[in-house]
Amino acid sequence: MQELSSYTLIIGASVILILSFFFGEAARKTNIPSVLMLIVLGILLQFALDAAIGERPDFLPVLKILGTVGLIMIVLEAALELELKPGKYLPIVKALFIALISLLASAYAAALILHQFVPGMDMASAWLYATPLSILSSAIIIPSVAALRDDKKEFHIYESTFSDILGIMMFYFLTGNLDAAGHSNGSGSGILDFSGNLLLTIGIAVIASYLIILIFQNIRSHTKLFLLIAVLLLLYAVGKKMHLSSLIIILVFGLVIANMKIFFQGKLGQWLHLEKASQMYEGLHVVTMESAFVVRTFFFVIFGLTISLASIASLEVTLISLAIVASIYLIRFLFLRVFIGKDIFPQLYIAPRGLITILLFYDIPEQAIIPGFEPGILLDIIIGTSLIMTFAMIRDKQRSSKAIEKAKEKPVGYEKWKAPSISDYQAEEGASGKH
């Protein structure tokens, strides 16, 4: 096997980042998610590497590290966007509720399908495999909904963020209840342990968030932002070692620093230097966005490199994937129709799967792995849901353009003209009757 030189790797990494930037620009104009373009780029690189070195390296360890860091950056980026204002409490609670019930219902439907059609898949394992397939991808959704109406955009940011966090918590709850043979231990104490774990994590997250802000606002060095990110990564990793719901730490910190006026009141407000803390927030926002872009780019390209193209061509894989995708949109339609109303376009079709789905799939414990499950199901669902979202966004943009054109075509004085009402006609008839 030929070795790639360091200069070749630098050139390759630079070209990938440049292409990713242009993919992002193309995504804004075409509504085709840049994630799909990155995956296709990774697939094309498979052929290039096979021709250049004859054998591909094992990218799985790199993929897991990139996925974990990318997950932290995406959740932090989303949390920094969440403003806690009195007028937004209801939309936040509604998005949380929809995210939760959609996650549970989608996972149950996918588990039934996998249990029925995948050889050797019991119901406990089916729930474990179905959970990653039921989580919305904030990595795809948040950049894609920027052009939507403000209330719809906020709904998708809240919903996808909550779906990420709740889905990850649910996945690790299920893995924590597995025995050595990979089966659910059925212990009734699992929910109590999980609840205690959650409360402990929230307590640690709140204390850590206050301490970090109070300490870092007084650091004068210009290099403190990556130091701050290193602290957050450290807290996340230590939390995982302690079997805590570490993503809650990242979410709580993002919420606290984005809403400092709410969290620092009374005596606590005396300790806060608002101007310095606000500068830290703005700098962190930029660094997080830039870091998320880099990590997301390499994650999806490397995922494309690891895909087995043979599994995608299977008819059985395609049928299972179609059944799961159909269940996703049927459940989504029912819940959105009940809790939001008739105006559910394009929200109904914005339900892509992505980074977290892939990351959790590769994090399934070895004792719970089912050999009969084809990874092609994962890829089919990711591509299928992303394409459906793409067509819906294009359709929504066309509909908005037509509405703008119609508004421009109104004749001068249109607003002043008023169509005669029934009462006007009755008045005319009364007047003519008098004559």
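The values are calculated or read from the model by the stated rules, or taken from the named source; none is laboratory data. Please read these numbers as outputs of a predicted model, since none were measured by experiment. Please note: Cβ atoms are built from the backbone with ideal geometry, for glycine as well, and neighbour counts cover all protein chains shown.
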Quiz item: Looking at this structure, is Ile168 under 30 Å from Ser125 (Cβ atoms) and modelled with pLDDT under 90?
Solution: yes
Quiz item: Which of (1) surrounded by 16 or more Cβ atoms within 10 Å (Cβ to Cβ); (2) at pLDDT 80 or above; (3) part of a loop (DSSP other than H, G, I, E, B) does Leu82 not meet, given it meets every other one?
Solution: (2)
Quiz item: Across segment 111-143, which residue is surrounded by the fewest Cβ atoms within 10 Å (Cβ to Cβ) among those that are of a type in the set (S, T, N, Q) and in contact (Cβ under 8 Å) with a residue 12 or more places away in the chain?
Solution: Ser125
Quiz item: Is it the case that segment 61-68 has a residue that's out of contact with any strand residue (DSSP E or B) (no Cβ under 8 Å at 6 or more places or on another chain) and in a loop (DSSP other than H, G, I, E, B)?
Solution: no
Quiz prompt | Residues that are part of a loop (DSSP other than H, G, I, E, B) and closer than 24 Å to Ala109 by Cα, drawn from segment 125-166 | solution = Ser134, Ile135, Leu136, Ser137
Quiz item: What is the residue count in segment 200-257 for residues that are hydroxyl-bearing (Ser, Thr, Tyr) and modelled with pLDDT under 90?
Solution: 5
Practice problem: Take Ile356 and decide whether it is in contact (Cβ under 8 Å) with a residue 60 or more places away in the chain and either basic (Lys, Arg) or assigned to a helix (DSSP H, G or I) (or both). | Solution: yes
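The rows are residues; the columns are (1) closer than 19 Å to Asp50 by Cα; (2) surrounded by fewer than 18 Cβ atoms within 10 Å (Cβ to Cβ).
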{"site": "Leu284", "(1), (2)": "no, no"}
{"site": "Val301", "(1), (2)": "yes, no"}
{"site": "Gly304", "(1), (2)": "yes, no"}
{"site": "Ala310", "(1), (2)": "yes, yes"}
{"site": "Leu315", "(1), (2)": "no, yes"}
